[in-house]
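J.: Would you mind keeping the following structure in view while I ask a few things?
Just so it is clear, none of the values below were taken in a lab; they were calculated from the coordinates. Here the structure is a predicted model, which means the values were calculated and not measured. Please note: Cβ atoms are built from the backbone with ideal geometry, for glycine as well, and neighbour counts cover all protein chains shown.
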Amino acid sequence: MRYEKVTLPHSCPRCRSAQEIVHALSLASGSVRASSSFSCKRCGEAFEVDDQGVPEEWRSAFYAANGRWELRILDAGPDKAALLRRLREILGLNVAGIGAVAQKIPGPITEGTRVEMELLKQESEAAGAMADVTPATP
Ligand SMILES: [Zn+2]
């Protein structure tokens, strides 16, 4: 899945009526794109914004709608160092953090929204690994 969205209640910034806002996550090249779109059915006020990465305040809504997902590295492939470098970049980990990830291979290494995990899968495979995205084990 390269796209997921949630719809949440949102009061119109102009007329204050109760409306809805749509937050979406999509897989862009090398990153997750987050976007919001709002359109007021009463006064016509509308806006769209987008950014990179998943806003922390969206997580609970996406987890409630689409579940938590995990990335499994089944096989690190021929160049484990390259794989770990790429994962470290995307996950923003320090040396200790990526060391802990390295010890989890093969197996689930991290969890998050589905689109985030699909990004990690894509990047891991580009680095020569075999990876899979599955619903997170509770
Ligand atoms: Zn309005």
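J.: List the lysines whose Cα lies under 18 Å from the Cα of Lys121, skipping any in the same chain that are fewer than 8 positions away.
T.: Partners within reach: Lys80, Lys104.
J.: Over 10 Å intervals from 0, what percent of Cα-Cα pairs in region 69-135 sits in each interval?
T.: Values per bin, smallest distances first: 24, 63, 12.
J.: Once each part is reduced to its C-alpha centroid, what is the distance from region 1-60 to region 81-138 in angstrom?
T.: 27
J.: So what's the angle, to the nearest 10 degrees on a 0 to 90 scale, between helix 80-91 and the longest Cα principal axis of the chain?
T.: 20
J.: How far apart, in nm, are two points set 7 Å out from the Cα along the Cα-to-Cβ line at Thr134 and at Ala100?
T.: Placing both labels 7 Å along Cα→Cβ, they lie 2.2 nm apart.
J.: Based on the alpha-carbon gyration tensor of the chain and its eigenvalue square roots a ≥ b ≥ c, which shape applies: rounded if a/c is under 1.5, prolate if not and a/b is larger than b/c, or oblate? Write out the running numbers ahead of the final one.
T.: On the way: a/c = 3.00, a/b = 2.58, b/c = 1.16.
Prolate, since a/c reaches 1.5 and a/b exceeds b/c.
J.: May I ask you to list the lysines whose Cα is less than 24 Å away from that of Lys41, ignoring any residue fewer than eight positions away on the same chain?
T.: Straight-line reach from Lys41, under 24 Å: Lys5.
J.: What do the square roots of 5 times the Cα gyration tensor eigenvalues come to for region 3-66, in whole Å, largest first, as semi-axes of the equivalent ellipsoid?
T.: Three semi-axes, in Å: 23, 13, 9.
J.: Dipole of the chain, Cα-centred, from +1 at each Lys and Arg C-beta and -1 at each Asp and Glu C-beta, to the nearest 20 debye?
T.: In total the dipole reaches around 220 debye.
J.: Same structure again: Can you give the FRET efficiency to the nearest 0.05 for Leu93 and Glu125, using r as the Cβ-Cβ distance and R₀ = 22 Å? Intermediate results must be reported in sequence, preceding the final value.
T.: Numbers: r = 19 Å, r/R0 = 0.88.
FRET efficiency, Leu93 to Glu125: 0.70.
J.: Turning to a different aspect of this structure: Have a look at Ser31, Ser60, Gln19 and report the one farthest towards the positive end of the charge dipole of region 3-66, computed about the Cα centre with Cβ charges (Lys/Arg +1, Asp/Glu -1).
T.: Farthest towards the positive pole: Gln19.
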